[in-house]
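The values are calculated or read from the model by the stated rules, or taken from the named source; none is laboratory data. A quick note: this is a predicted structure, and the numbers were derived from the prediction, not measured. Ideal geometry is used to build each Cβ from the backbone, glycine not excepted, and the neighbour counts take in all protein chains shown. With ligands, DNA and RNA removed, areas are computed over all heavy atoms of the protein, side chains included. Shrake-Rupley method; radii C 1.70, N 1.55, O 1.52, S 1.80 Å.
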Amino acid sequence: MTETITKYRATGRRKKAIASAVLSSGKGNFVVNGQSFETYFQRETDRLILKQPLEATKTVGNFDIKAKVVGGGKSGQAGALRLGISRALSAIDESYKLILRKGGYLTRDPRAKERKKYGLKGARKRFQWTKR
């Protein structure tokens, strides 16, 4: 008899980064863009961010996670992937949703780069004024 493996897919966004996470029952393998997540995310803080929803729901090692991340920097990608993992976990079990909501993992962070304004050096910085 073959066992059917249920896959849960979810998307997360942060700044300019978009992450697609696929959770399936397994032994805890974590692959990001074809690499192990330790190789892809070099910084320890980014790796901790990714583990947060799994630790909050006590499901570390219960799911294999395969993710694809595009755009932005590594920090934005880690935040986007955390949201994707959280959304997939909430789809798996309704009781996880309350835990993840309380931890703030299901809230999309709306902060993004502010656009440059005309007549200014950047979004808010001005050119230095001189009296000639």
Item checked: Cut-off 19 Å (backbone N to label point 7 Å along Cα→Cβ of Ser75), residues of the stretch 6-40 -> 13-19, 40
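Compute the length gained on full extension between Arg124 and Asn29: take 0.36 nm times their separation in residues and subtract their Cα-Cα distance, giving the result in nm to one decimal.
On the way: separation 95, 0.36 × 95 = 34.20 nm, distance 4.41 nm.
Once the chain is fully extended between Arg124 and Asn29, it gains 29.8 nm.
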Margin query: What distance in nm separates the two pseudo spin-label positions at Glu94 and Arg47, each 7 Å out from Cα along the beta-carbon direction?
Written below: 3.7 nm
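Can you divide the C-alpha Rg of the stretch 71-132 by 2.2 N^0.38 Å and report the result to two decimal places?
Details: Rg = 19.5 Å, N = 62, 2.2 N^0.38 = 10.6 Å.
Output field value: 1.85.
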Item checked: Accessible surface, the chain, averaged per residue in Å² (probe 1.4 Å) -> 70 Å²
Next item on the list: Estimate the FRET efficiency between Lys131 and Lys16 by the formula 1/(1 + (r/R0)^6), using the beta-carbon distance for r and 30 Å for R0, to the nearest 0.05.
Entry: 0.15
Check: Which residue, chosen from Asn33, Thr45, Gly73, occupies the Cα position most advanced towards the positive end of the dipole of the chain, where the dipole is computed from +1 (Lys, Arg) and -1 (Asp, Glu) charges on Cβ about the Cα centre?
Finding: Gly73
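A 21 angstrom limit on the alpha carbon distance is what I want to check against. Which of Lys15/Lys74; Lys74/Lys125; Lys16/Lys68; Lys15/Lys58; Lys7/Lys74; Lys27/Lys102 exceed it?
Numbers: Lys15/Lys74 11 Å; Lys74/Lys125 26 Å; Lys16/Lys68 14 Å; Lys15/Lys58 28 Å; Lys7/Lys74 25 Å; Lys27/Lys102 26 Å.
Pairs exceeding 21 Å: Lys74/Lys125; Lys15/Lys58; Lys7/Lys74; Lys27/Lys102.
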Check: Distance in nm between label sites at Arg101 and Arg115, each 7 Å beyond Cα in the beta-carbon direction?
Finding: 3.4 nm
Check: About its Cα centre, what dipole magnitude does the stretch 5-109 give when the only charges are +1 on Lys and Arg Cβ and -1 on Asp and Glu Cβ, stated in debye to the nearest 20?
Finding: 340 debye
Notebook entry, point to check: If you wrap the stretch 1-123's Cα atoms in a convex hull and average its projection over all directions, what's the area in nm²?
Noted result: 9.0 nm²
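Work out the P(r) tail for the stretch 1-55: percent of alpha carbon pairs separated by more than 19 Å, whole number. Display every interim value, and only then the final one.
Working: 519 of 1485 pairs.
Within the stretch 1-55, distances greater than 19 Å cover 35 percent of Cα pairs.
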Check: In the chain, what percent of the accessible surface is made up of carbon and sulfur (1.4 Å probe, ligands and nucleic acids excluded)?
Finding: 52 percent
Note to self: For the stretch 20-122, what does the relative contact order come out to in percent, with C-alpha contacts under 8 Å and a separation of six or more?
What the structure shows: 31 percent
